[in-house]
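The structure appears right after this line, and notes come after that.
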Amino acid sequence: MLRIALTGGIASGKSTVAQLFTTLGAKLIDTDLVAREVVAPGSPALAQIVARFGQKILMTDGSLDRVRLRELVFADAAARADLEAITHPLIRARVAELGAALRGPYQLIAIPLLAETGTAGDYDRVLLVDCDPQLQLQRLMARDQVGQADAQRMIHAQASREARLAIADDVIRNDGDINALATQVQALHARYLALAV
């Protein structure tokens, strides 16, 4: 099965693109959902995260306070590396398990931090969702209800746009409306079906 990594910077439109592909019948594994699964209450990963970051990263119901943890790791590269060392191996193992169970000509694996993890070579193709940096900033501020300084810090904590473009086999530009996006998705879907044969 053709395995395509779907990536892009924060607030670039990855989720919208993924949804458009699934409406065409593409099989999707969303690593954000897998990441939530591996840190569920009672999981070994959550216990390790609490041991590293303290009880302050838990909600009152015992689940992970993702907003609080995100604030901590976006402000501290060493903390982010520690979190990734706990979660990334578990996420990769679960993605492999899910991928082995999927049927179809190709599968999309949504991986926001593909450039950062250096794992682009593990996939047959890399599909990048890209947009104008100023538009990305505006979308992030609106989506997460954060100020410009916080949004810029979140963007700069990720790989650069240039680094993402360097690993991309295919690029979807998300600067226009949903119809422009859908047209690009349909063209790539047809291409991926042909490549998968």
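Laboratory data are not the source of any read-out in this text; all were calculated from the coordinates shown. It should be emphasised that the depicted structure is a prediction, and the values quoted were computed from it without experimental measurement. Note: ideal-geometry Cβ built from the backbone for every residue, glycine included; neighbour counts use all protein chains shown.
Just a few scattered comments:
- For segment 128-149, filtering for residues that are among the charged types (D, E, K, R) and surrounded by 16 or more Cβ atoms within 10 Å (Cβ to Cβ) leaves 2.
- Restricting Ala180, Ala157 to residues that are touching a residue at least 24 places away in the same chain (Cβ under 8 Å) and either farther than 23 Å from Ala115 by Cβ or surrounded by 15 or more Cβ atoms within 10 Å (Cβ to Cβ) (or both) narrows the list to Ala157.
- Residue check, Ala85 out of contact with any strand residue (DSSP E or B) (no Cβ under 7 Å at 6 or more places or on another chain) and either closer than 18 Å to Tyr192 by Cβ or among the aliphatic types (A, V, I, L, M) (or both): yes
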